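Trainee: A single structure is presented below for examination.
Coordinate-derived values only; no laboratory data. Note that this is a predicted model, so its numbers are computed, not measured.
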Amino acid sequence: MLSRRHAYWLCQIAGWGSLNAIKVFMIGLQSTFALAQVANPVAHAALGIGLTHAFRHYAKRQDWLRLPLRALLPRILGGTLALSVLFFVCFFALCQYTPIAPLVPDDLSAWSWTYLVSAFLNSIIFLLLWSTLYFGLHSFWRYRQAEIDKWKMEARAEAARMEALKLQLNPHFFFNSLNSLRALIAQDPDRAQSMVTRLARLLRRTLMASDEKTVPLQEELSTARTYLELEKVRLEDRLRCDITMDDGTADALVPHLLVQTLAENAIKHGIAARADGGCLTITATREDGMLEIRVTNPGSLDPAGGGVGLENARERLRLLFGEAAHLTLEESDGTVIATARMPFRTSPPDLSPRSASRADGEAPPPQEVPQHV
């Protein structure tokens, strides 16, 4: 199967070759060819390929292909007009200063105004057709990729929900929670009742999660806090938690269950494996238009790398926020640091080109989250 690069060059050669073949045929019906005119279609095609390729390279360097249509159209029209002038001047300079002769009907002169205007208009039409095909195909590919990413996002969101259920409801976690609650019933009935309420809240939030792919940071931290309180019943004093966020970040949108995934990973691979436990720290900061969520815990990185949950979180970040977002894991002085960075947004990110024409839905009202656990 042809790669996109090979398809591009094949289309360039076939397109300019066919165009000049038609040109030669039409002129041939009206006049006879001289030997100096044989090189004309070859020079015309080579110049067309060279200039359009340079135009393509310039458009890619200026990142035109990522612009919305209303910003792209004036650039295409202006660039095509400038390219037409350059093409016209270069081609007739070749005809003037080299043995290459222009293909002219017998009833016109190569330097008559009628022929020059006609040739210039033809250059505009040819290059406008090239620009329409090139940028039109790229717009189609972008639209198709956006649709694919949209469906992948929905599939990843469902996978994340199921992964969260698997992590939360696996027999080890579930039976440990029940055993802790059974012990509390006799020792501290009020606390046991509170833990049952928190467990029910966590299950309800997971099972009845909104179809939105993002939630306000404050709501996400509230869910993570509920999960940590349940784990604290099992780990007791071995688990200490600290959650902080900068002012003005409460309404920032983050992928659903992102923080809880990072917290689960920190407890499973770090704190739960240590006899003396440790402190799990969650911080959310805003800087230069970016939101950074950092989860730290004592321990060391797993040599096998991140699990399914972390890879799922990375992919959801990419689909929601593009290449500007990322999730990293690093170890420093016996501390594992998970850092998620994403653009700071308070309205849902676009998942398809059509979403730009729809009014943004309002995010669910955030719940109050204490700054420290």
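Trainee: Taking the Kirkwood radius as the inverse of the mean 1/r across Cα pairs, report the Rg/Rh of the stretch 208-257.
Mentor: 1.05
Trainee: What percent does the relative contact order of the stretch 209-357 come to when contacts are Cα pairs within less than 8 Å and at least six residues apart?
Mentor: 23
Trainee: Roughly what % of Cα-Cα distances in the stretch 215-308 sit above 19 Å, to the whole percent?
Mentor: Percentage above 19 Å: 41.
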